[in-house]
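Report on the following structure.
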Amino acid sequence: MRKKIVAGNWKMNKTLDEAVALTSEVVNMIKDEVSGEVEVILCVPALYLTTLKKHIEGVNRISLGAQNCHEKTSGAYTGEISAPMLKAIDIPNVIIGHSERRQYFSETNAQLAEKVNIALENGLTPIFCCGESLDQRQNEDYIGFVKNQITESLFHLSAEQLTSVVIAYEPIWAIGTGLTASAEQAQEMHAALRAHLAEKYGKEVADEISILYGGSVGAANAAELFANPDVDGGLVGGASLKSRDFTEIVKAR
Ligand code: PEP
């Protein structure tokens, strides 16, 4: 059975003190209030990973993730962090190809394929993001566009490698905008992506892959989105910065 996952993407938010306080609150609420099989991943600023690791140690179901890594092992890439660096501090997850990275740092599908490779080589779980813009949704074959992102960044993987990847479908028009895909729109895309995976890797493998929805997920809409058969959880931006909202989203899964 594929995993149910709720991941928080803190982006470039919180000072260290605030990050510690938020982590402690989330840890306590999740411990006290969450049952069932959902996994929680906190994708925090890289600078805080080592400190926050101490605050989640021994806590059932919660792990940390980075928000990006470079596609090379090491070298003269000022300001970047590498997958081996994450591995060395025992960080198990990394977001790859968030739309903000694609937009502001011009990350391409081919480059993201390399990032996925280096993450997997270092034992990290890539949370691979994909999704269309509003313009693409209105004027293009938007499902074909997202399928192509997956083809170009993931379809070189073996079936075994693919099962170590988590996919996050995040329509760009819904990220940070307060606009959410309807439950039907989310299910339409998730089912199409799973069928796309099944065409290449077979149904059994496709059924193993967790596909998360992201885009203005909040306490009020999480349950409806997560009720879809192909929505295995969420990647949560804004609402992950508030412990109560984030915990309610986790409980909805
Ligand atoms: C995100 O950035 O991954 C995201 C989904 O943001 P938000 O929940 O704020 O729309």
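The values are calculated or read from the model by the stated rules, or taken from the named source; none is laboratory data. Please read all numbers here as calculations on a predicted model, not as lab measurements. Please note: Cβ atoms are built from the backbone with ideal geometry, for glycine as well, and neighbour counts cover all protein chains shown. When the accessible area is computed, the model is the full protein with side chains, heavy atoms only, and any ligands, DNA or RNA have been set aside. Shrake-Rupley method; radii C 1.70, N 1.55, O 1.52, S 1.80 Å.
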#### Entry: Ratio Rg/Rh, restricted to the stretch 1-148 and using Cα atoms, in which Rh is the Kirkwood radius
0.99
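Cα-Cα over 20 Å: which of Lys31/Lys54; Lys31/Lys242; Lys147/Lys251; Lys87/Lys147; Lys4/Lys87? Provide the component values of the computation, followed by the final result.
On the way: Lys31/Lys54 16 Å; Lys31/Lys242 16 Å; Lys147/Lys251 30 Å; Lys87/Lys147 30 Å; Lys4/Lys87 23 Å.
Listed pairs above 20 Å: Lys147/Lys251; Lys87/Lys147; Lys4/Lys87.
How big is the dipole moment of the chain about its Cα centre under a simple scheme where the beta carbon of each Lys and Arg is +1, that of each Asp and Glu is -1, and everything else is neutral? Debye, nearest 20, please. Present the calculation step by step, with values, prior to reporting the outcome.
Details: 23 positive and 33 negative charges, 100 e Å.
The calculated dipole for the chain is roughly 480 debye.
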### Query
Under the definition of Cα pairs under 8 Å and six or more residues apart, what whole-number percent is the relative contact order of the stretch 56-175?
25 percent
### Summary
Per residue, the convex hull enclosing the alpha carbons of the chain has a volume in Å³ of 117 Å³
### Query
What accessible area per residue comes out for the chain, rounded to a whole number of Å², with a 1.4 Å probe?
44 Å²
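Computed FRET efficiency, Cβ-Cβ of Lys72 and Ser106, R0 22 Å: what is it to the nearest 0.05?
Working: r = 16 Å, r/R0 = 0.75.
Given R0 = 22 Å and the Cβ-Cβ separation, E is 0.85.
Can you pull out the trypsin sites (Lys or Arg not before Pro) in the stretch 107-183 whose DSSP state is coil and whose Cβ has at most 14 other Cβ atoms within 10 Å? Intermediate results must be reported in sequence, preceding the final value.
Values: sites: Lys115, Arg137, Lys147; in loops: none.
For trypsin sites (Lys or Arg not before Pro) across the stretch 107-183 that sit outside H, G, I, E and B with at most 14 neighbouring Cβ atoms in 10 Å, the list is empty.
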### Task
Putting +1 on Lys and Arg Cβ atoms and -1 on Asp and Glu Cβ atoms, find which of Ile56, Val217, Gly123 reaches farthest to the positive end of the dipole of the chain.
Ile56
### Percent accessible area from carbon and sulfur atoms, the stretch 17-67, protein chains only, probe 1.4 Å
45 percent
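Quick test of the membrane-span-like rule: which DSSP H helices of the chain reach at least 20 Å along their long axis (C-alpha atoms) with mean Kyte hydropathy at least 1.6?
On the way: long enough: 16-33 (25 Å, 0.21); 183-201 (26 Å, -0.70).
Length and hydropathy pass: none found.
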### Message
For the stretch 1-53, what does the convex hull of the Cα positions come to per residue, in cubic angstrom?
### Response
83 Å³
### Task
Identify which of Ala110, Ala83, Ala46 has the largest mean-square fluctuation in a Gaussian network model of the chain, with springs joining Cα atoms closer than 10 Å.
Ala110
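Could you order the peptides 242-250, 69-77, 148-156 from most to least packed, using the average number of other C-beta atoms within 10 Å per residue? It would help to have the intermediate numbers written out before the result.
Values: 242-250: 20.8, 69-77: 14.0, 148-156: 18.2.
The most tightly packed comes first, giving 242-250, 148-156, 69-77.
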### Query
Taking the chain as a Gaussian network, Cα atoms linked when under 10 Å apart, which of Met85, Met29, Met12 shows the biggest mean-square fluctuation?
Met12
